[in-house]
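Enquirer: Got a structure here, written out as structure tokens. Questions coming.
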Ligand SMILES: Cc1ncc(COP(=O)(O)O)c(C=O)c1O
């Protein structure tokens, strides 16, 4: 066996910890430093096994314990009801844009698959477009006329009676629009609501009486990219199209406890560490309070400033993704360069929107948001 030189490794770890900055990336996004440190400590040998988690058989009792613990912690954190199954898949949220229709669009009529879509920004636009490949899509509401700066009032959604489900993106990562509450449509007429919660899962509680399927890619609030979480009410399993790949058939994946094929083991392990970290933060209630405080500090600062602006309707501003613009856009590059020099990274807005975007997911501490506000204040002062 090679000597892993523990002192050299500890020094390296210390050096890289000291280099860490505030990372406002929309995704893959910042992870809690504590989690990365624990993963580093366990990298070469997981708890006396002599092997890294990356090198373990997914069928080993060690990995089985990691997997079961992650599932149990996620269920506890999100208070997932007993009649909902938690699946670990691959393919990301864009994969789910096809996997959801393949599993669910023929639920009411396999010959005429149909689903409703509420369009609130770039991600729900993409979801509806992909859905067209699998059946009839009906746009129940579209915020386009209002430049996706607000969520169309649910009282006016034009829902179909024959749609297998209604799809929502509950946090639009690019536009910065978030449902503060999912409207009560799921129970009426046995409607099924499917939510893409990729960019705000685990940041606030989920009202399971209003959501029957929730999915999320990992790389914002869960862990590294590679695992896709699907939480589905169990009576909705078993409606898949015959051509749905077995590895993406929710019923098959559920029957194999997410081990139908080799799962992304290391990602699940890191996600499990993130879940444990969240429990140490006081669970979802604890982290939600922190998220409210962070978002309030940033929006309050933006609202009192004439130098910066956020355009989203205050009733649906995202707690996770805060797009903002400088009144004088010719200063954008200088703003970003100065931010980088101050250890504030990845603030450039999405190319379809321009301007800036601060993604302040669970792992971003209040100190990071305060440092950003301080820098913004300083930049404005220097520009005067
Ligand atoms: C809300 C939302 N949906 C879907 C996606 C696409 O996820 P992926 O690239 O993991 O497929 C993203 C990614 O950034 C997202 O924010």
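The values are calculated or read from the model by the stated rules, or taken from the named source; none is laboratory data. Predicted model, so just to flag it, every value in this text is computed and none were measured. Cβ sites come from the backbone with ideal geometry, for glycine too, and all protein chains shown count toward neighbours.
Enquirer: Name the single residue, out of those in the stretch 215-244 being without any contact (Cβ under 8 Å) to a residue 60 or more places away in the chain and buried (at least 24 other Cβ atoms within 10 Å of the Cβ), that is nearest to the ligand (Cβ to nearest atom).
Expert: 218
Residue by residue, here is whether (1) within 16 Å of the ligand (Cβ to nearest atom); (2) at pLDDT 95 or above; (3) surrounded by fewer than 20 Cβ atoms within 10 Å (Cβ to Cβ); (4) assigned by TED's automatic domain parsing to the domain that holds residue 246 holds:
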site	(1), (2), (3), (4)
19	no, no, yes, no
25	yes, yes, yes, no
65	no, yes, yes, yes
70	no, yes, no, yes
81	no, yes, yes, yes
98	yes, yes, yes, yes
103	no, yes, no, yes
109	no, yes, yes, yes
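Enquirer: On to the next question. Conditions: (1) part of a helix (DSSP H, G or I); (2) under 21 Å from the mean Cα position of the chain (by Cα). Residue 40 meets all but one. Number of the miss?
Expert: The single condition residue 40 does not satisfy is (2).
Enquirer: Among the residues of the stretch 1-33, how many are under 30 Å from residue 257 (Cα atoms) and in contact with a helix residue (DSSP H, G or I) (Cβ under 6 Å, 6 or more places away or on another chain)?
Expert: 1
Enquirer: Provide a single number: the residues in the stretch 166-191 that are surrounded by 24 or more Cβ atoms within 10 Å (Cβ to Cβ) and more than 15 Å from the chain's Cα centre (by Cα).
Expert: 2
Enquirer: Could you tell me how many of the residues in the stretch 219-247 are within 18 Å of residue 165 (Cα to Cα), in a helix (DSSP H, G or I) and touching a helix residue (DSSP H, G or I) at 6+ places or on another chain (Cβ under 7 Å)?
Expert: The qualifying residues number 1.
Enquirer: Name the single residue, out of those in the stretch 111-125 being crowded, with 23+ Cβ neighbours inside 10 Å and in a loop (DSSP other than H, G, I, E, B), that is farthest from the ligand (Cβ to nearest atom).
Expert: Once the filter is applied, the top-ranked residue is 120.
Enquirer: If you don't mind, another one. Of the numbered conditions (1) outside any strand (DSSP E or B); (2) touching a helix residue (DSSP H, G or I) at 6+ places or on another chain (Cβ under 8 Å), residue 200 fails exactly one; give the number of that condition.
Expert: For residue 200, the failing item is (2).
Enquirer: Now for a separate question. On the basis of being without any contact (Cβ under 8 Å) to a residue 60 or more places away in the chain and in contact with a helix residue (DSSP H, G or I) (Cβ under 9 Å, 6 or more places away or on another chain), does residue 75 make the cut?
Expert: When the stated conditions are applied, residue 75 does not pass them.
Enquirer: Just checking, which of 93, 164, 141, 115 is touching a helix residue (DSSP H, G or I) at 6+ places or on another chain (Cβ under 9 Å), at pLDDT 95 or above and either under 23 Å from residue 205 (Cα atoms) or in the same structural domain as residue 315 (by TED's automatic domain parsing) (or both)?
Expert: 93
Enquirer: Suppose we filter 150, 198 for residues that are within 19 Å of residue 320 (Cβ to Cβ), crowded, with 16+ Cβ neighbours inside 10 Å, at pLDDT 95 or above and more than 16 Å from the ligand (Cβ to nearest atom); which single one remains?
Expert: Selected residue: 150, the only one of 150, 198 that is within 19 Å of residue 320 (Cβ to Cβ), crowded, with 16+ Cβ neighbours inside 10 Å, at pLDDT 95 or above and more than 16 Å from the ligand (Cβ to nearest atom).
Enquirer: Under 6 Å by Cβ, and 6 or more places apart or on different chains, what pairs join a residue from the stretch 89-109 that is under 14 Å from residue 252 (Cα atoms) with one that is away from the ligand (no atom under 15 Å from the Cβ) and assigned to a helix (DSSP H, G or I)?
Expert: Filtered contacts from the stretch 89-109: 103/250.
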